[in-house]
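Note sheet for the following structure.
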């Protein structure tokens with residue numbers, strides 16, 4: 001049998017048993033080696049998430065790596081026994097956005113879920129474009145970080161960060177740590193504005209040269225002094241609230257760029273100072289998800305040991321315990337945990 005966690009409604013996920021799946025044409029079946037819990041999954045657990053999950057009931061979990069256990073007709077990019085990591089999306093090849101490297105904006109985007117299971121069927125378009133080999137020494141849980149890391153790489157790319165530029169991250173959670181690694185790869189000087197000293201110490205361990213605690217009072221002057229007296233060239237908002245969106249715009253230097261990386265709730269409105277945006281020539285970028293180029297780069301950097309994964313992954317949870325684990329931690333900010341079937 002194939003045990004799977006199925007999302008039925010907010011705060012209602014269930015362990016169910018289904019037959020072990022068989023692959024269709026172009027598909028592969030992955031025996032899941034490890035999945036990772038994710039802040040987005042916790043957000044979906046609390047309030048639902050139609051973009052991530054589509055129609056309910058839905059398979060749950062989207063960060064995974066494992067071993068190919070069966071291949072469908074026509075598959076030439078993988079074979080039984082291969083260790084692989086799969087993205088949760090790929091171009092569908094039939095619309096303007098997919099043809100232009102923006103498959104994450106495809107009107108027909110259907111994000112793939114099913115990481116919290118014994119076996120997962122990887123759709124043909126992902127097998128074709130976004131299934132990658134995982135070298136033998138690389139742990140499955142390390143490979144499974146490729147999906148969130150690809151999102152961070154996308155954010156760093158969209159802001160066109162250059163070597164030596166200053167980049168401040170607002171927020172010190174797991175995605176902030178991945179942003180640090182993505183920005184390091186581009187040669188940026190990195191600062192982090194967070195709350196707890198423990199999280200900021202992790203930021204320093206990951207590679208941030210400066211850390212500022214919001215609990216110590218307003219950090220505007222300290223941030224500006226660190227960033228050559230002008231303010232950061234780039235600010236990455238990685239919390240996802242209207243208040244921190246406003247803070248990011250206030251902190252960036254004149255002529256600087258802000259990446260709105262943290263997703264706000266549907267319908268959230270932010271009263272930006274458009275006078276400052278106009279006259280100080282600020283650039284604001286929204287960013288969502290990733291495309292195959294970002295995912296491939298994430299898999300490469302992880303395989304080369306360029307990411308301090310021990311800062312990101314803390315503890316393990318059994319597949320059967322996922323419903324209780326999500327219920328107990330639904331309203332907390334916790335590190336990623338490994339889910340082993």
Practice prompt. Could you tell me which residue of the stretch 237-278 is farthest from residue 161 (Cα to Cα), considering only residues that are in contact with a strand residue (DSSP E or B) (Cβ under 7 Å, 6 or more places away or on another chain) and part of a loop (DSSP other than H, G, I, E, B)?
Written response: 239
Worksheet entry | Members of the stretch 178-188 that are out of contact with any strand residue (DSSP E or B) (no Cβ under 9 Å at 6 or more places or on another chain) and part of a helix (DSSP H, G or I) | 178, 181, 182
Worksheet item: What number goes with the only condition from (1) over 21 Å from residue 104 (Cβ atoms); (2) crowded, with 19+ Cβ neighbours inside 10 Å; (3) at pLDDT 95 or above that residue 178 does not pass?
Response: (1)
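One line per residue, one yes/no per condition, for (1) in contact with a helix residue (DSSP H, G or I) (Cβ under 6 Å, 6 or more places away or on another chain); (2) assigned by TED's automatic domain parsing to the domain that holds residue 175; (3) at pLDDT 95 or above; (4) closer than 25 Å to residue 41 by Cα:
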residue	(1), (2), (3), (4)
251	yes, yes, yes, no
262	no, yes, no, yes
266	no, yes, no, yes
278	no, yes, yes, no
Worksheet item: Does the stretch 279-308 hold any residues that are assigned to a helix (DSSP H, G or I), buried (at least 18 other Cβ atoms within 10 Å of the Cβ) and out of contact with any strand residue (DSSP E or B) (no Cβ under 7 Å at 6 or more places or on another chain), and which are they?
Response: 292, 294, 295, 297, 298, 301, 302, 303
Worksheet item: Tell me, which strands (runs of 3 or more DSSP E) lie completely within the stretch 54-123 with 3 or more residues that are at negative phi, touching a residue at least 12 places away in the same chain (Cβ under 8 Å) and surrounded by fewer than 21 Cβ atoms within 10 Å (Cβ to Cβ)?
Response: 64-71
Worksheet entry | Tally, over the stretch 220-234, of residues that are in contact with a strand residue (DSSP E or B) (Cβ under 6 Å, 6 or more places away or on another chain) and surrounded by fewer than 21 Cβ atoms within 10 Å (Cβ to Cβ) | 2
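The values are calculated or read from the model by the stated rules, or taken from the named source; none is laboratory data. This is a predicted model, so every value here is computed, not measured. Backbone-built Cβ (ideal geometry, glycine too); neighbour counts: all protein chains shown.
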